[in-house]
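The values are calculated or read from the model by the stated rules, or taken from the named source; none is laboratory data. The shown structure was predicted, so the numbers you read here are calculated from the model rather than taken from an experiment. FYI the Cβ positions are ideal-geometry reconstructions off the backbone, even for glycines, and counts take in every protein chain you see. When the accessible area is computed, the model is the full protein with side chains, heavy atoms only, and any ligands, DNA or RNA have been set aside. Shrake-Rupley method; radii C 1.70, N 1.55, O 1.52, S 1.80 Å.
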Amino acid sequence: QVQLVESGGGLVQPGGSLRLSCAASGSIFSINAMGWYRQAPGKQRELVARITSGGSTNYADSVKGRFAISRDNAKNTVYLQMNNLKPEDTAVYYCHTAVWPVDYWGQGTRVTVSS
């Protein structure tokens, strides 16, 4: 079992920044990759960014150059630094990992980008 707890969402103006955090606990020795997904109203959940235990990353095209994912293995925490936020980034952001064959999700943290 793995537990994921997100924090750091909120309301921000266009062009602003936020940093999301996801703390993992439980059977964390089994964790390899961790990622951030988001789901906007009326849309499907989509991958935002992903990072492996070795530090390899990949991003959705819509956030490349604006978002950065990182992890602190000593703290079992993954971060998502979001810069130059746009209204279309408004969504609930979820932390994710998988220990085959189970997917684990956090409870989600809401990000609203609005003036």
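Output the residue which, of all residues in the range 3-16 that are farther than 13 Å from residue 104 by Cβ and in a strand (DSSP E or B), is most open to solvent (accessible area, probe 1.4 Å). So, considering only residues that are farther than 13 Å from residue 104 by Cβ and in a strand (DSSP E or B), the one most open to solvent (accessible area, probe 1.4 Å) is 11.
Out of curiosity, is residue 19 open to solvent by 20 Å² or more (accessible area, probe 1.4 Å) and under 18 Å from residue 86 (Cα atoms)?
In short, yes.
Taking every residue in the range 57-77 that is under 16 Å from residue 87 (Cα atoms) and pairing it with any residue that is open to solvent by 60 Å² or more (accessible area, probe 1.4 Å) and acidic (Asp, Glu), at least 6 positions away or on another chain, the pairs with Cβ-Cβ distances below 9 Å are 62/46; 62/88. Please go through the range 27-52 and pick out each residue that is assigned to a strand (DSSP E or B) and open to solvent by 50 Å² or more (accessible area, probe 1.4 Å). Within the range 27-52, 37, 39, 46, 47, 50 meet the criteria. Only a single criterion out of (1) at pLDDT 95 or above; (2) surrounded by 18 or more Cβ atoms within 10 Å (Cβ to Cβ) is not satisfied by residue 88, namely (2).
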